[in-house]
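Novice: Before anything else, here's the structure in question.
The values are calculated or read from the model by the stated rules, or taken from the named source; none is laboratory data. The shown structure was predicted, so the numbers you read here are calculated from the model rather than taken from an experiment. So basically every Cβ, Gly included, is an ideal-geometry build from the backbone, and we count neighbours across all protein chains shown. Each accessible area value is taken on the protein alone, full model and side chains, heavy atoms only, with ligands, DNA and RNA left out. Shrake-Rupley method; radii C 1.70, N 1.55, O 1.52, S 1.80 Å.
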Amino acid sequence: MEIRTGYADYNYTIHVDYGILKDCIFRYTASYNSVHFLVDQNVHALYKDGLLSFVQNPIILEGGEASKSFDAFKHITETLLERGIQRNHLVVVIGGGAAGDAGGFAAATVLRGVDYIQVPTTLLAHDSSIGGKTAINSTHGKNLIGVFHRPKAVIYDLTFLETLPQHELLSGFGEVFKHALLKDEKTVKRLMDATSNGVSLDMMKPFIISGIETKMHYVTSDEKESGIRKYLNLGHTLGHAIEYKYKMPHGMAVVLGLYFMMFASNEEADRNIFDLDLFRQYFELHGYPLEQLGTIDEAEMMTLMGKDKKNQSTDATGFVLMHDFGQCYFTEIDSSQLKKYISQLKESL
């Protein structure tokens, strides 16, 4: 399956299937004088003698969010420079969402920008690898230092997903579910029906492709996040705060953020857009820790959410809410109202 972006220029292809990595990469590398591979250490350990046996002398990235620290960024860029990277070289980033963010940011900044290819290896990275966002973390929050830098391609070999532990599968499924909400109610129902007995890979491919297509609609319409691309942050405002505070896997924190989004959307509309009991039962059945929402500290969460990039004022927090399935809007909720919503949510659990 190949999905082509729809920008006015500088488009790229997203390749999605099983067993495509080596052939796809070689289609691109022939155009460059040299190739530098950045590989997540956990992925390298699993696949160095198999799927990645053709990768020679890679730069090994720390696993998970550790790859997005200042020290890790320095290691990546200094190693690339030590190896003589030039503007006509290609960087290939192989790993999950954190590795993709960090490797993409390194490619965007070293020598003021070189070409790179994203090779996502997790279910979660089907979202983060697409759209050209790159970033590292600050001590003040996630993804606060970054740039937009489109890849030359995204090669999503689904073979990598076969070794994902269940908690990683659930984390990635959070973004799959978000994309279904962004599309329409029919897609949400199909996804919930297909996963009524649990989340598994054997039914995931069509929903992954649907999610990629949904994301591409938003990023090609609004690449720099000045308008509707903000809707892709659905569930992320509180989700990022929970992830940062409790070191919870990203997609699992997003699911908690989505549940709060549903609650706040109902409150703002003064009607039950979302059946909260239905979604609560569904999320808890699959192992998402919604009980954590009952223990969060309002003031602490509001301080963390106050650092969100979408905020436009100091006395209100920007949120993506929904009028209905597939119908988002951006609003600012003032501090007193937001505190009230969090307290009411806690009481409802």
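Novice: From the list His217, His167, pick out the single residue that is assigned to a helix (DSSP H, G or I), within 17 Å of the chain's Cα centre (by Cα) and free of Cβ contacts under 8 Å to residues at least 60 places away in the same chain. Full working, then the answer.
Specialist: Working: His167 fails: free of Cβ contacts under 8 Å to residues at least 60 places away in the same chain.
Answer to the selection: His217.
Novice: Run Phe325 past the list (1) surrounded by fewer than 16 Cβ atoms within 10 Å (Cβ to Cβ); (2) within 22 Å of the chain's Cα centre (by Cα) and report the number of the one that doesn't hold.
Specialist: All conditions pass for Phe325, except number (1).
Novice: Hey, among Leu111, Leu161, which residue is at positive phi and in a helix (DSSP H, G or I)? Lay out the reasoning, then the answer.
Specialist: Numbers: Leu161 fails: at positive phi.
Among Leu111, Leu161, only Leu111 is at positive phi and in a helix (DSSP H, G or I).
Novice: Then there is this: Would you confirm, using the coordinates I've provided, whether Arg271 is open to solvent by 40 Å² or more (accessible area, probe 1.4 Å), touching a helix residue (DSSP H, G or I) at 6+ places or on another chain (Cβ under 7 Å) and modelled with pLDDT of 95 or more?
Specialist: Answer is no for this residue.
Novice: Confirm whether Gly64 is under 22 Å from Leu170 (Cα atoms) and surrounded by fewer than 20 Cβ atoms within 10 Å (Cβ to Cβ).
Specialist: Working: under 22 Å from Leu170 (Cα atoms): yes; surrounded by fewer than 20 Cβ atoms within 10 Å (Cβ to Cβ): yes.
Criteria met by Gly64.
Novice: Cβ contacts < 8 Å: first residue of a type outside the set (S, T, N, Q), restricted to segment 1-18; second residue assigned to a loop (DSSP other than H, G, I, E, B) and open to solvent by 60 Å² or more (accessible area, probe 1.4 Å), any location; separation 6+ or different chain. Result?
Specialist: From residues that are of a type outside the set (S, T, N, Q), the pairs are Tyr12/Lys152; His15/Met1; Val16/Met1; Asp17/Met1.
Novice: Run down Leu232, Leu158, Leu201, Leu169 and say which single residue is in contact with a helix residue (DSSP H, G or I) (Cβ under 9 Å, 6 or more places away or on another chain) and within 30 Å of Ala299 (Cα to Cα). Spell out how you get there, then give the answer.
Specialist: Values: Leu158 fails: within 30 Å of Ala299 (Cα to Cα); Leu201 fails: within 30 Å of Ala299 (Cα to Cα); Leu169 fails: within 30 Å of Ala299 (Cα to Cα).
Step by step, each of Leu232, Leu158, Leu201, Leu169 is checked, and only Leu232 is in contact with a helix residue (DSSP H, G or I) (Cβ under 9 Å, 6 or more places away or on another chain) and within 30 Å of Ala299 (Cα to Cα).
Novice: Return the residues of segment 114-158 that are in a helix (DSSP H, G or I) and either of a type in the set (A, V, I, L, M, F, W, C) or farther than 28 Å from Phe207 by Cα (or both); say none if nothing qualifies. Spell out the reasoning first.
Specialist: In the first step, residues of segment 114-158 are kept if they are in a helix (DSSP H, G or I); the result is 125-128, 158.
Ala125, Leu158, listed by residue number.
Novice: Can Tyr32 be described as out of contact with any helix residue (DSSP H, G or I) (no Cβ under 9 Å at 6 or more places or on another chain), open to solvent by less than 50 Å² (accessible area, probe 1.4 Å), touching a residue at least 12 places away in the same chain (Cβ under 8 Å) and part of a loop (DSSP other than H, G, I, E, B)?
Specialist: Details: out of contact with any helix residue (DSSP H, G or I) (no Cβ under 9 Å at 6 or more places or on another chain): yes; open to solvent by less than 50 Å² (accessible area, probe 1.4 Å): yes; touching a residue at least 12 places away in the same chain (Cβ under 8 Å): yes; part of a loop (DSSP other than H, G, I, E, B): yes.
For Tyr32, the condition - out of contact with any helix residue (DSSP H, G or I) (no Cβ under 9 Å at 6 or more places or on another chain), open to solvent by less than 50 Å² (accessible area, probe 1.4 Å), touching a residue at least 12 places away in the same chain (Cβ under 8 Å) and part of a loop (DSSP other than H, G, I, E, B) - is met.
Novice: Could you list, in sequence order, the residues of segment 75-93 that are part of a helix (DSSP H, G or I), among the polar types (S, T, N, Q) and more than 25 Å from the chain's Cα centre (by Cα)? Before you say what the answer is, go through the steps one by one.
Specialist: The initial filter retains those residues of segment 75-93 that are part of a helix (DSSP H, G or I), namely 75-82.
Subsequent filtering for residues that are among the polar types (S, T, N, Q) retains 77, 79.
The one that is part of a helix (DSSP H, G or I), among the polar types (S, T, N, Q) and more than 25 Å from the chain's Cα centre (by Cα): Thr79.
Novice: Any residue in segment 80-101 that is open to solvent by 80 Å² or more (accessible area, probe 1.4 Å) and modelled with pLDDT under 95?
Specialist: First pass over segment 80-101, keeping only residues open to solvent by 80 Å² or more (accessible area, probe 1.4 Å): 81-83, 86-87.
If we keep only those that are modelled with pLDDT under 95 too, we end up with none.
Within segment 80-101, none of the residues are open to solvent by 80 Å² or more (accessible area, probe 1.4 Å) and modelled with pLDDT under 95.
Novice: Let me ask you something else. Being touching a Phe, Trp or Tyr at 6+ places or on another chain (Cβ under 7 Å) and either surrounded by 17 or more Cβ atoms within 10 Å (Cβ to Cβ) or not small (Gly, Ala, Ser) (or both) narrows it down to one residue among Tyr288, Tyr259, Tyr246; which is it? Before you say what the answer is, go through the steps one by one.
Specialist: Values: Tyr288 fails: touching a Phe, Trp or Tyr at 6+ places or on another chain (Cβ under 7 Å); Tyr246 fails: touching a Phe, Trp or Tyr at 6+ places or on another chain (Cβ under 7 Å).
Among Tyr288, Tyr259, Tyr246, only Tyr259 is touching a Phe, Trp or Tyr at 6+ places or on another chain (Cβ under 7 Å) and either surrounded by 17 or more Cβ atoms within 10 Å (Cβ to Cβ) or not small (Gly, Ala, Ser) (or both).
Novice: Same structure again: Val93 versus (1) in contact (Cβ under 8 Å) with a residue 60 or more places away in the chain; (2) in contact with a Phe, Trp or Tyr (Cβ under 9 Å, 6 or more places away or on another chain); (3) under 18 Å from Gly113 (Cα atoms): which is the lone unmet condition?
Specialist: (1)
Novice: Scan segment 316-329 for residues that are modelled with pLDDT under 95 and touching a helix residue (DSSP H, G or I) at 6+ places or on another chain (Cβ under 6 Å) and jot them down.
Specialist: Step one: filter segment 316-329 for residues modelled with pLDDT under 95, giving 316-319.
Matches in segment 316-329: Thr317, Phe319.
Novice: If you check every pair at least six apart or on different chains, which have Cβ atoms under 6 Å apart with a residue in segment 120-145 that is of a type in the set (Ser, Thr, Tyr) first and a residue that is part of a loop (DSSP other than H, G, I, E, B) second?
Specialist: Listed pairs, sorted by first residue: Thr121/Gly96; Thr122/Gly96; Thr134/His149.
Novice: Still on this model: Name the residue, out of Gly104, Gly172, that is in a helix (DSSP H, G or I), within 25 Å of Tyr18 (Cβ to Cβ) and at pLDDT 95 or above. Break it down into steps so the answer makes sense when it comes.
Specialist: Values: Gly172 fails: at pLDDT 95 or above.
Result: Gly104 is the single residue among Gly104, Gly172 that is in a helix (DSSP H, G or I), within 25 Å of Tyr18 (Cβ to Cβ) and at pLDDT 95 or above.
Novice: Applying the selection to segment 8-29, what residues are open to solvent by 20 Å² or more (accessible area, probe 1.4 Å), closer than 21 Å to Val114 by Cα and part of a loop (DSSP other than H, G, I, E, B)?
Specialist: Within segment 8-29, Ala8, Asp9, Tyr10, Asn11 qualify.
Novice: Restricted to segment 183-234, and to residues that are among the β-branched types (Val, Ile, Thr) and closer than 27 Å to Leu278 by Cβ, which residue is surrounded by the fewest Cβ atoms within 10 Å (Cβ to Cβ)?
Specialist: Result: Ile209.
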